[in-house]
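Undergrad: Pasting a structure here, questions to come.
None of the figures in this text is laboratory data; all of them are computed from the coordinates on show. What you see is a predicted model, and the numbers here were worked out from it, not measured in a lab. Cβ placement follows ideal geometry from the backbone for every residue including glycine, while neighbour counts extend to all protein chains displayed.
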Amino acid sequence: MNILGELRIPLELGTLMRSEVWHGRGVRRGNGERILAIPGLFVGDETLRPMRGWLARIGYHAEGSGIRSNIGCSERVMVSLERRAEQAHRLDGRRIHVIGQSRGGMLAHVLGVRRPDLVASVTTLGSPISGTIDDFHPLLQRNLTWLSRLGDTRGGYIATSCWVGAPGRPVPDTATAHDHPEVLDPVRTRTCCEDFWPDLLAELPSSVLGTAIYSRSDGLIRAKACVAPGYHAVEVTASHVGMATSSAVYHAVATALARSSRDESRVPRNPAPALIDRRRRPAPPAAGFERRAS
């Protein structure tokens, strides 16, 4: 891994803006399929705004995840993502497509594993869906260590206990890990993410189409960690951060969505309730009912 390769992001963005795929030429258009886009570690939905805008121009309905900074406990983030997936599915009865960059792809995978009734496809962009923290660049490992220390003192962030049950050797060397080794023992302690890690290791259901886009020139994550059973692996040449602004990635995303949309069109829809039902007001209280203050 050569982290200096991440400096090519401006070049990747410039190449994307001049490409045919950016202007929607040479790619199959969507038919209003709904897409949930999940950003990577430390960043929020703004980083995927160009991709969401491009998806809208080629016929999809792309929405953000509501994440401002992707540094929260994985299980807590999953609760919010599942709620958004349910809301999107109720609008037209069609399963949604989920795209996740880096850590966002890990979250997307777990959403596909847990809710195949809501998710038609999962497309990951440089996501370590089958790796461990040892597959990360040392600089990224140190940032995770810092973030875990912050999470140990302030709730809502990734904390040491969030790593319990993760594959490999993912527990950062934090003060809490030394002073309270019990938080690292999944047999003795229930933690917020104890269900997340087994679901990350689980294979995607056969009804969910998986596409793993990876790069051997990724400066932060080893390529081998970004592919997994159940996924169609697509190799591109791109930086890790530039996965969101690479013309090769956009072409691969369009191809994956076209395949999954074609397969999904053969599945009977679960139509949304009639509009009048969604506007129906609660019935008045029965006669003789006394309203009491709580």
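Undergrad: Name the helices (complete DSSP H segments) of the chain with a Cα length along the long axis of 15 Å or more and a Kyte-Doolittle mean of at least 0.5, or state none.
TA: Helices passing the filter in the chain: 103-114.
Undergrad: Under a point spin-label approximation (7 Å from Cα along Cα-to-Cβ), what is the residue 29-residue 263 distance to one decimal in nm?
TA: 2.5
Undergrad: How much length is gained on full extension from residue 19 to residue 86, taking 0.36 nm per residue of separation minus their Cα-Cα distance?
TA: 20.6 nm
Undergrad: Oh, and also: Over segment 72-183, calculate the relative contact order: mean separation of alpha carbon pairs under 8 Å at least 6 apart, over the residue count, as a percent.
TA: Result for segment 72-183 is 22 percent.
Undergrad: Next question. If you restrict to DSSP beta bridges whose two residues both lie in the chain, what percentage is antiparallel, to the nearest 5?
TA: Bridges in the chain are about 5 percent antiparallel.
Undergrad: Another question, then. Just to verify a number: FRET efficiency for residue 69 and residue 146, C-beta to C-beta distance, R0 = 22 Å, to 0.05?
TA: Efficiency, from the Cβ-Cβ distance: 0.95.
Undergrad: Next up: For the chain, what relative contact order do you get, as a whole percent, if you take Cα pairs closer than 8 Å and at least 6 residues apart?
TA: Worked out over the chain, it gives 23 percent.
Undergrad: Then there is this: What is the magnitude of the charge dipole of the chain about its Cα centre, with +1 placed on the Cβ of each Lys and Arg, -1 on the Cβ of each Asp and Glu, and no other charges, expressed in debye to the nearest 20?
TA: Dipole about the Cα centre, nearest 20: 1280 debye.
Undergrad: Return the label of the correct value of log10 I(q)/I(0) by the Debye sum over Cα atoms at q = 0.07, 0.10, 0.13 Å⁻¹, as calculated from the structure shown, out of (1) -0.29, -0.57, -0.89; (2) -0.31, -0.65, -1.10; (3) -0.36, -0.64, -1.00.
TA: After the calculation, the listed value that fits is (1).
Undergrad: Only Lys, Arg, Asp and Glu count, each charged at its Cβ (+1, +1, -1, -1), so figure out the dipole size of segment 3-150 about its Cα centre, rounded to 20 debye.
TA: I would put it at about 340 debye.
Undergrad: Summing -39500 (n - 2.57) over the DSSP H runs of n ≥ 4 in the chain and dividing by its residue number, what mean residue ellipticity at 222 nm do you reach, to the nearest 500 deg cm²/dmol?
TA: Rounded to the nearest 500, the figure is -10000 deg cm²/dmol.
Undergrad: If you don't mind, there's one more thing I want to ask. Loop sites only, by DSSP: take the GluC sites (Glu not before Pro) in the chain that have at most 16 other C-beta atoms within 10 Å and name the longest stretch containing none of them.
TA: Excluding the exposed sites themselves, the longest stretch runs over 21-193.
Undergrad: For segment 60-128, which trypsin sites (Lys or Arg not before Pro) pass both filters: DSSP loop (anything but H, G, I, E, B) and at most 14 other C-beta atoms within 10 Å?
TA: The qualifying sites are 68.
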